[in-house]
Amino acid sequence: MIAAAATVPAVRTRALTKLFGSTPALVRADVDVPAGCVAVLHGPNGAGKSTLLRLLAGALRPTAGSARVCGFDIVADCLSVRRSIDLLPAAGGVYLELSALENLRFCARMRGLEHGDPELREVLERAGLDPVAGDPVGTYSTGMVRRVGLARLLLTRPQLLLLDEPYAALDEDGRSVLETLLADARGEGRSALVATHERDRSDAIADLAYELDRGVVAELAAVDAFDAAAHA
């Protein structure tokens, strides 16, 4: 269930549109994610999921429409938006030449977080990475690289987590780390928007689900109703 939280929505978009040249990637999208909610985005490759996440993160500028993240306009208040979110891209979003510990040190400095190595190692332990904390991330398996990204989210604790295909390449232990991360965020009144192909797994931890099809938001349902329709 959605936790009691601030009344300011985590995400509110209206007619949000993004064109790449003349090609529409997102078309007049209306998306609402209440505070304290885990929402999922479903849809095939090219549906617009990653584009929506990047718009909300301030990595892209919209062609038309509007969006607010944690109460901040994604264009006029882009810096405040970036302070409120953390985006885990599909590629992992980590520096392969640095160790996991060095990645977290760099992230802490960039975010102005006063965490020493003992606290950073505790985060890496939660992500199952403490034994290899000093090894270059480029020597890790793909799943371990993904865990470094999850460790960053455990460290930054943003008001809104934006996750692009976070289940990809994760083993069962890694998936448990991810689901604990999402459950903790919800319990603290923070929010998440998760783009994923893993419908069965993600719906088990989500409060609501969106369907995207060729840039269009095709459906919104509470997960219970979504599951009932899928199995009718």
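Odds and ends about this structure:
- Along the stretch 151-165 the Karplus relation, 6.51 cos²θ - 1.76 cosθ + 1.60 evaluated at θ = phi - 60°, assigns HN-Hα couplings of 4, 4, 5, 4, 6, 7, 6, x, 5, 10, 9, 10, 10, 9, 6 Hz to successive residues, with x for each Gly and Pro.
- FRET E, pair Glu188, Ala168, Förster distance 30 Å, beta-carbon r, rounded to 0.05: 0.70
- Just the protein heavy atoms count here, and of the accessible area of the chain at 1.4 Å, carbon and sulfur take up 52 percent.
- Rounded Å value of the spacing that divides the Cα centres of the stretch 75-89 and the stretch 1-71: 12
- Under 5 Å, built H, 5+ apart or other chain: amide partners of Tyr210: Val40, Leu41, His42
- Sorting the segments 195-205, 42-52 by their residues' average number of neighbouring beta-carbon atoms within 10 angstrom, most packed first, yields 42-52, 195-205.
- The modelled label-to-label distance for the pair Arg199/Thr142, using points 7 Å beyond Cα in the direction of Cβ, is 2.2 nm.
- Projected label distance in nm at Met110 and Ala90, using a 7 Å step from Cα toward the beta-carbon: 2.1
- Radius 15 Å from Cβ of Gly71, net charge of other residues (Lys, Arg +1; Asp, Glu -1): +3
- A cut-off of 5 Å between modelled amide H atoms, ignoring neighbours fewer than 5 places along the same chain, links Leu88 with Leu162, Leu163, Asp164.
- Here's how it looks for Val217: its modeled amide H is under 5 Å from those of Val27, Asp30, which are all 5 or more places away or on a different chain.
The values are calculated or read from the model by the stated rules, or taken from the named source; none is laboratory data. Model, not experiment: these values are computed from the prediction. For neighbour counting, all protein chains shown are included, and Cβ atoms are generated from backbone atoms with ideal geometry for every residue, glycine included. What goes into the accessible areas is simple: the full protein's heavy atoms, side chains included, and nothing from ligands, DNA or RNA. Shrake-Rupley method; radii C 1.70, N 1.55, O 1.52, S 1.80 Å.
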